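The values are calculated or read from the model by the stated rules, or taken from the named source; none is laboratory data. Computed from a predicted structure; not experimentally measured. No Cβ is skipped: glycine too gets one built from the backbone with ideal geometry, and neighbour counts run over all protein chains shown. Note: areas computed on protein heavy atoms with side chains; ligands, DNA, RNA excluded. Shrake-Rupley method; radii C 1.70, N 1.55, O 1.52, S 1.80 Å.
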Amino acid sequence: MATQETLKEKTARGLLWGGMSNGLQQLLGLLFGIVLARKLSQADYGMIGMLAIFSAVAACMQDGGFISALNRKKVVTHRDYNAVFWASVLTSIVFYLLFFFLAPLIARFYGEPRLTALARYSFLSFLFVSFSIAPRAYIFRNMMVRQSSIIALVSMALSGIVGIIMAYRGYAYWGLATQNIVFTLSVSVLNYWFSGWRPTLHIDLNPIREIIGFSSRLIITNIVTAVNTNILPVLLGRFYTANQVGDFTQANKWNTMGHSLITNMLYGIAQPLLTKTEDDAARQKHVFRKLLRFTAFVSFPAMLCLALVSEEFIVILITEKWLSSAHILRVLCVAGAVMPISYLFSNLLISRGRSGVHMWCTIGLCVCQLLCIGLCVPYGISRMVLVFTAVNVLWLGVWFWFARREIGLSVREAVGDIAPYVILSVVIVVATHFLTSGISNIYLSLLAKVLMVGISYCVVLWLLGSTIFKETVLFITKKKIE
């Protein structure tokens, strides 16, 4: 019983730190994003957006699924971490050299010669991030959420300041590239500082053989996920203008900031917690359902509210020059509302050692999206984004089917855990839209919509006696009192 209480305390503390950290990260991201978006152009963001898929794929290869693989091992020694360190570093060197020589081809693909130099500079982040894989694995395995939160906050603050300084000195998209490089470098340094782990010069890659079966499937999955996440900027950059890519990149940035607030809060606790309970199927199912209710409780009202205020949000924060991105943001927010749910389902499969199932499920999602999006190219960006969103929403059914096989989660249980928060959020958001439609002042409109959605949602849940709502309030209140 003592172990269970300790696990509960770790989970609660992890969610608290994750929530606080991600709230502050989103606030920093909001402030830096406002300043940079007001100073830079759509074309500047478009230049960086065209390279996003290459950076994402390289990052997946560097990680190699090692963090999740080490988390699943019963016993992990320095030899394991050291092998992961050298495997990550050597892989990153190979990939940087590969992309360095491929940079002219990337520029030719987009018809943008300036991308050659920008790509070679941006891809330096490959080298820096590889040094952090092993200490990150140590921090992740030991659920050091507080330390991880501090690392993210300090890195984001430092890189944001550098990005703003460079933007105001006229470096345009070079400032955005430098911001990313400074972030990865800061993350690497701070991971070593907080983990206390240090590599040794003895290179022994034999431990990689023990985890390569599991991790190789995660590598493929992560690459497919990266392609899936970044495929729209690639297609837009190939068939549309840099300004249109910039509009999508801007909208996707704010949508990602929204749903990552929830997924990052879950990141530090979901997979480790589900892994620790895998030997007790009933307990793991109970833990998963509670995480599922909490995720739905937070995700749907937050993301649907962001969709509701997308125009006011964009115009007030980053001026009317970005208004064309507001419609894209509105649609993406619907996909953003279900992404934390999908993330939780995928973590369940990984925690149960089903990396192969997770891989094929993710590949299936990517293939469906590519086929549907490809068919929409002649019809414009709006149709493409709509189809992208629809496929993400419908794929929840596939994730559920596999979860049902693993832990016996029934349709009734899944719908009962998610549907109340979906229905309540939709009803409140739609009602708020009509009730505030007569407000002409953009600032009053934003304030009225946010307050109406937030207050109504909390009041209704309180009147209905929602367990998750009450437990959340009591936990926060208890922490404040203590």
When you go through R114, R108 one by one, which is the residue that is of a type outside the set (S, T, Y), open to solvent by 60 Å² or more (accessible area, probe 1.4 Å), farther than 28 Å from V189 by Cα and free of Cβ contacts under 8 Å to residues at least 12 places away in the same chain?
R108
Condition check: surrounded by fewer than 20 Cβ atoms within 10 Å (Cβ to Cβ) and either hydrophobic (A, V, I, L, M, F, W, C) or touching a residue at least 24 places away in the same chain (Cβ under 8 Å) (or both). Does V415 satisfy that?
yes
Give me the residue from segment 342-358 that is among the small types (G, A, S) and at pLDDT 80 or above and, out of that set, farthest from A390 (Cα to Cα).
S346
Of everything in segment 450-461, what is open to solvent by 20 Å² or more (accessible area, probe 1.4 Å) and in contact with a helix residue (DSSP H, G or I) (Cβ under 9 Å, 6 or more places away or on another chain)? Give them in sequence order.
V450, M452, G454, S456, C458, V460
Counted residues, segment 418-445 - those being aliphatic (A, V, I, L, M) and either open to solvent by less than 40 Å² (accessible area, probe 1.4 Å) or more than 24 Å from V315 (Cβ to Cβ) (or both)
9
Candidates S122, S155, S149, filtered to the one that is modelled with pLDDT of 85 or more and within 18 Å of the chain's Cα centre (by Cα):
S155
Identity of the residue in segment 88-119, at pLDDT 90 or above and aromatic (F, W, Y), that ends up nearest to A43 (Cα to Cα)
F100
Quick one: which helices (runs of 4 or more DSSP H) sit completely within segment 171-284 and have at least 1 residues that are at pLDDT 80 or above and surrounded by fewer than 22 Cβ atoms within 10 Å (Cβ to Cβ)?
173-195, 206-239, 242-267
Mind checking which residues of segment 399-415 are in a helix (DSSP H, G or I) and farther than 16 Å from A296 by Cα?
W401, F402, A403, R404, R405, E406, I407
Collect the residues in segment 117-152 that are touching a Ser or Thr at 6+ places or on another chain (Cβ under 9 Å) and either among the acidic types (D, E) or open to solvent by 40 Å² or more (accessible area, probe 1.4 Å) (or both), keeping them in residue-number order.
Y121, L124, L127, F128, F131, R136, Y138, N142, R146, S148, I150
All but one of (1) open to solvent by 20 Å² or more (accessible area, probe 1.4 Å); (2) closer than 24 Å to W254 by Cα hold for G374; which doesn't?
(2)
The residue from V162, V129, V189 that alone is of a type in the set (V, I, T) and touching a residue at least 40 places away in the same chain (Cβ under 8 Å) is V129
Answer residue from segment 387-399, given it is crowded, with 18+ Cβ neighbours inside 10 Å and among the hydrophobic types (A, V, I, L, M, F, W, C) and is nearest to L344 (Cα to Cα) among those
W399
